[in-house]
Amino acid sequence: MVATFSTYADAERAVDRLADLHFPVEKTAIVGRDLHTIEKVTGRLTWASAAGRSALAGALPGALIGWIFGLFNWINPVQTAVLLALYGAVFGAVLGALTGLLIYAFSRGRRDFVSVSALSADRYDLLVDADVADEAARFLAETEFGRLSSAGSGRS
């Protein structure tokens, strides 16, 4: 381990700085320590929101598939592609909404909320192969990262 950072952005900037100094960055790794998940609840899930979210999720692939099939028309590919994309979006939205309602019905109220999950770490260690660890520590010590790092120089 060459350095420890409190944020991933600082560790990323340190590797970027090493790359700027022509250090072989393929010999580095950023390792998150003390990992935990964070689930941010963004709202309540209702019948309408389940149908709406699933309709939007189904409309895009439906439009894409319709557009691709429309391009196979040799006489008027642009007009046909647009028309089939619209039909595909409508069909995908209806199918998506029905699927979303079916899934919501089978959940029987066990998870009536919508959330976003993220993975976070308490600290990020910059690991470097042992054969170049001294060089990496020296490069980082000569920059502002020598002050940001709390671990100092070491080896992995």
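Rounded to the nearest 10 square angstrom, Arg17 shows an accessible area of 80 square angstrom against a 1.4 Å probe. The heavy atoms of Arg53 present about 140 square angstrom of accessible area, all protein chains included, probe 1.4 Å. Measuring nothing but protein heavy atoms, the accessible surface of the chain at 1.4 Å probe radius is 64 percent carbon and sulfur.
If R0 is 22 Å, the Cβ-Cβ spacing of Ser117 and Leu60 corresponds to a FRET efficiency of close to 0.50. In this label model, Ser49 and Glu12 are separated by 2.9 nm, measuring between points 7 Å along each Cα→Cβ vector.
Averaging 1/r over every pair of different alpha carbons in the chain and inverting the result gives a Kirkwood radius of 19.9 Å. Accessible surface for Asp112 stands near 40 Å², nearest 10, in the context of the full protein assembly shown (1.4 Å probe).
Kindly provide the chymotrypsin sites (Phe, Trp or Tyr not before Pro) of the stretch 19-73 that DSSP labels as loop, not H, G, I, E or B, and whose Cβ sees at most 15 other Cβ atoms within 10 Å.
Numbers: sites: Trp47, Trp67, Phe69, Phe72; in loops: Phe72.
Here the chymotrypsin sites (Phe, Trp or Tyr not before Pro) that fit, given the DSSP loop and packing criteria, are Phe72.
The values are calculated or read from the model by the stated rules, or taken from the named source; none is laboratory data. On a predicted model such as this, the values are computed, not experimentally measured, just so you know. Neighbour counts are summed over all protein chains in view; Cβ atoms, including those assigned to glycine, are modelled from backbone coordinates with ideal geometry. Heads up: the accessible areas ignore ligands, DNA and RNA and are worked out on the full protein's heavy atoms, side chains in. Shrake-Rupley method; radii C 1.70, N 1.55, O 1.52, S 1.80 Å.
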